[in-house]
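Some notes on the structure that comes next.
The values are calculated or read from the model by the stated rules, or taken from the named source; none is laboratory data. Predicted, not measured: the structure shown is a model, and the values here were computed from it. A quick note on method: Cβ atoms are made from the backbone with ideal geometry, for glycine too, and the neighbour counts reach across all protein chains shown.
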Amino acid sequence: MFPLLWLIPAIPLASFLVLALLGDRRLPHAVTSWLGAGSVGLSALLTILIGAQFLAAPPAGSAYAQTLWTWIDSGGLRLGIDLRLDSLSLTMSFVVTFVGFLIHLYSTEYMASDPGYNRFFACMNLFVAAMLVLVLADNLVLLYLGWEGVGLSSYLLIGFWYREEANGHAARKAFLVTRVGDTAFAVGLFLLYSSLGTLQIQPLMQGAAAGWAPGSAVATAAAALLLAGAVGKSAQLPLQVWLPDAMAGPTPVSALIHAATMVTAGVYLIARMHAVFSLAPAVMLATAVIGAATLLLAGMSALVQRDIKRVLAYSTMSQIGYMFLALGAGAWSAAIFHFWTHAFFKALLFLGAGVLIAALEEDHDIFHMGGLRKRQPLAFWTFLIGAASLSALPLVTAGFYSKDKILFDVWTSPAGGPVLWVAGLIGALLTALYIFRVVFRVFFGAPSSKVLAASPMRQPGIRIAIPLVVLAVLAVGAGIVELPETLGNVPALSNFLSPVLPPAPAAGATIGFEAFLEFDAAAAALFGLALAWWFFLHRPAWTAKLADSSAGSALGRFWFAGWGFDRLYERSIIQPYVLLARLNKNDVFDWLADRLVARPYAALGRFVRSDFIDRVFAAIAAINAAAARALRALQGGYARWYAAGIVAGAIILIAMAVL
Amino acid sequence: MTQIPLEHGLILAAVLFALGLTGVLVRRNLIFILLSLEVMLNAAGLAFVAAGSRWQQPDGQILFLFILVVAAAEVSIGLALLLLLQRRTASLSIDDVSGMRG
């Protein structure tokens, strides 16, 4: 089974090629659906079969490496198309293909009437293939290829409805902002190669652990550059501004790329390169602080958004902030566990939101919804399950187990501590508050006029219902892979990942203390839920008055704009850049020459006004005109004259070199 | 077998190069300009092969293969341009395409 590993990314890639090359007109609708969704389904099936064999009979060293062919062999650098299957890449591949398949299935119905149906599936398949290359790569250059591939398909899909200018703008913004991080990542690769002489991930980690002193400058620089790359891709502070705008893409795209998989590539990168990070405690601390700050800032911004997809986008930033917090505390497997549960419940929430948006004719505003509980029962129940899992309601949801593990590890890890834990706890309260604000606003209360007007509503068909139900089951049940000591003690995922990721550094916490932390996390989530009920269902008028008060509305506007980061970047980077570009366009030297020479010169001429001096000026003008005529002859438009010019120049250069 | 001296090869290459260059400069017909360009490319290739033979290295012949490929690509584009030019101006004179005159 293992030698078939290369087929996992190859099948979606082949499907992408067929869809992209044959194009819209030549492929019937049904063929596109089967190719687009079927290829990812096949890939998912293969991943499950390979995964089953991996679990039943692990390969030697708990990893299977496959080199397809030599990719680059130049100087001392030798890189292959190297794939590596270990427990980490298997977990990631499973989520990418399985959730990817469900979302493709959903899209066959959701996007059915879109004129760009074929293009949509081509780009989605390209994304899946690139993401699989990213997670399966065994050297950093191949990983970078996948990294750029997912960036490209993200760009293509954010700007999928390219006829609207705003969408193209959002796509360019996402591409350029992540490019900042990607550039840092590339510089990090150069640094790693120049100091360790390899880019294969495993020798690299061994070399770093053996050759670099903990806290040394080179380890810190390498880890910081990798962190910058991860921050860009995963939409963390300070490169988070692209993610809310990325919601311009179709909803399945937001579910797959901007929630479940691509934005967690940064988490994967840090977990994959954990040996380098372990050697740089300062960067670990920075990772944890960035995660904590992002989860709080994004949680507050999510609280005031009106667009349902933007709420979920800020929520994604916030949840990835949790993963960064865990990574910063050295709790690698907790971060991957949260990635695992988050992929299910966040994809579920996006797909549920897609049903509502489609039913209300592309209206994203939660204030135009209301009372949808009876009218969209399937969307209501699945969205409710997703919201419960996101806000980590205790015991019954998967999100509780992963978030609880992060909070526990953050407190007990020597790199974490109570301050970061408190940030995570406040974030848990905010999470329940903002997501149940959406639930109460959208599904409860009186139906809005918009809802009443849209009757009968478009109801989801079977191909939308199946992904919703499957994901809802997983949003509840996916937590059983890792149960804490107090509740059954099944550390299956940590054990599974332990050959790749070392266990979290715990400072001997007792079971009673663990139960106390769990109780706090559960209480925060429930308190957030209760607050949401009070603010948005019990006393909505009171909340509206609070939001309209001068302080409340100012704060609300500030949060709504995502803490003003867009404006900050607009003022500090974009506007100076545009100014510079404009100066260059008008040729700054011309401008300077005009101001410094020509104008004073003309003023002098006006001042002197004597015949003799006039004649001197006239002579200068005549000389200039003659020179212009002579120079113009050179630009005769005759290609042979240009060739002769090149030859003359070459002869002069050679003569200068020889003499 | 006696070696042909390197100088002979280089002189031949220089003569060919100069011939080709003259052709490019004095011919107006685009077909002949392309032909002359080919002569120049082959002159460069000959210099490579001669140098490769002098030092008994395969690099010279490898580079000649590169030059062949580049020449093929160049000719295909050149002939496409030639066709376009013929259709547009009904002539093959390079001097008829001087619309960029300053």
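Of note:
- Conditions (1) farther than 24 Å from A:K403 by Cα; (2) crowded, with 24+ Cβ neighbours inside 10 Å; (3) in contact with a Gly (Cβ under 7 Å, 6 or more places away or on another chain): number failed by A:G371: (2)
- Screening the candidates A:V490, A:V500 for the property of being free of Cβ contacts under 8 Å to residues at least 60 places away in the same chain, surrounded by 14 or more Cβ atoms within 10 Å (Cβ to Cβ) and under 32 Å from the mean Cα position of the chain (by Cα) yields one hit, A:V490.
- Here B:I94 meets the list (1) out of contact with any Gly (no Cβ under 9 Å at 6 or more places or on another chain); (2) of a type outside the set (S, T, N, Q); (3) surrounded by fewer than 18 Cβ atoms within 10 Å (Cβ to Cβ); (4) within 14 Å of another protein chain (Cβ to nearest Cβ) almost entirely, failing just condition (3).
- Filter result (of a type in the set (S, T, N, Q) and assigned to a loop (DSSP other than H, G, I, E, B)) within the range A:542-581: A:S549
- Residue within the range B:54-76 that is closer than 15 Å to B:I11 by Cα, away from chain A (no Cβ under 14 Å), surrounded by 15 or more Cβ atoms within 10 Å (Cβ to Cβ) and of a type outside the set (F, W, Y) present: yes
- Checked across the range A:235-247, the condition of being in contact (Cβ under 8 Å) with a residue 12 or more places away in the chain, surrounded by fewer than 23 Cβ atoms within 10 Å (Cβ to Cβ) and of a type in the set (S, T, N, Q) holds for no residue.
- Given (1) at pLDDT below 90; (2) under 17 Å from the mean Cα position of the chain (by Cα), number of the condition B:S93 does not satisfy: (2)
- Scanning the range A:628-653 for residues that are in contact with a Leu (Cβ under 8 Å, 6 or more places away or on another chain) and more than 8 Å from every other protein chain (Cβ to nearest Cβ) yields A:W641, A:G645.
- Among the residues listed as A:Y144, A:Y64, the single one being surrounded by fewer than 24 Cβ atoms within 10 Å (Cβ to Cβ) and touching a strand residue (DSSP E or B) at 6+ places or on another chain (Cβ under 7 Å): A:Y64
- From B:L37, B:L6, B:L19, B:L85, residue being within 19 Å of A:Y642 (Cα to Cα) and modelled with pLDDT under 90: B:L85
Yes/no per residue for (1) part of a helix (DSSP H, G or I); (2) within 18 Å of A:L102 (Cα to Cα); (3) free of Cβ contacts under 8 Å to residues at least 60 places away in the same chain:
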| position | (1), (2), (3) |
| --- | --- |
| A:P9 | yes, yes, no |
| A:V18 | yes, no, yes |
| A:T32 | yes, yes, no |
| A:A44 | yes, yes, yes |
| A:I48 | yes, yes, yes |
| A:G51 | yes, no, yes |
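- Single condition A:P414 does not satisfy, out of (1) over 25 Å from A:Y110 (Cβ atoms); (2) in contact with a helix residue (DSSP H, G or I) (Cβ under 9 Å, 6 or more places away or on another chain); (3) of a type outside the set (S, T, N, Q): (2)
- Test: residue in the range B:41-48 that is more than 12 Å from the chain's Cα centre (by Cα) and away from every other protein chain (no Cβ under 14 Å): yes
- Conditions (1) within 11 Å of the chain's Cα centre (by Cα); (2) of a type outside the set (K, R); (3) away from chain A (no Cβ under 12 Å); number of the one not met by B:A13: (1)
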